[in-house]
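What follows is one structure encoded as structure tokens, with my remarks underneath.
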Amino acid sequence: MDGWLVTAAVFKEDGDDEEFRHVVYAVAVADPAEAVRMTIADCGARAGMLNCPLQKEQLQKLGLEPGELIAIHDGNHPIPAPSRRH
């Protein structure tokens, strides 16, 4: 099992296209395009960017199973959240 670290640009709710925050996800799928699609679907972002591949050991440390993702960073604050299966 391999995966990807994906960053998404999530725009603020007031509709201002110039204000956004970055959310970083760990995604436990081998296909990079699917990792980006899953990230965008989870957070409602308009775009996502692959950062780097993740190895099986890294995904296991995060508690991720194949097909799951987890938000690991939102702006300046780490997010302690359970993984989700899509």
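The values are calculated or read from the model by the stated rules, or taken from the named source; none is laboratory data. Keep in mind the model is a prediction, meaning the values are calculated, not measured. All Cβ positions, glycine included, derive from the backbone under ideal geometry; neighbour counts span all protein chains shown.
Data for the structure
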{"quantity": "Residue match in segment 30-45 (condition: exposed (fewer than 14 other Cβ atoms within 10 Å of the Cβ), of a type outside the set (A, V, I, L, M, F, W, C), in contact with a Pro (Cβ under 9 Å, 6 or more places away or on another chain) and at pLDDT 95 or above)", "calculated": "no"}
{"quantity": "Qualifying positions in segment 48-59 - surrounded by fewer than 18 Cβ atoms within 10 Å (Cβ to Cβ), in contact (Cβ under 8 Å) with a residue 24 or more places away in the chain and either farther than 17 Å from His73 by Cβ or not aliphatic (A, V, I, L, M) (or both)", "calculated": "Asn51, Cys52, Pro53, Gln55, Lys56, Gln58"}
{"quantity": "Cβ-Cβ under 6 Å pairs, at least 6 apart or on other chains, segment 1-27 side under 21 Å from Glu65 (Cβ atoms) and modelled with pLDDT under 85, far side of a type outside the set (Ser, Thr, Tyr) and surrounded by fewer than 18 Cβ atoms within 10 Å (Cβ to Cβ)", "calculated": "Met1/Lys56; Met1/Pro66"}
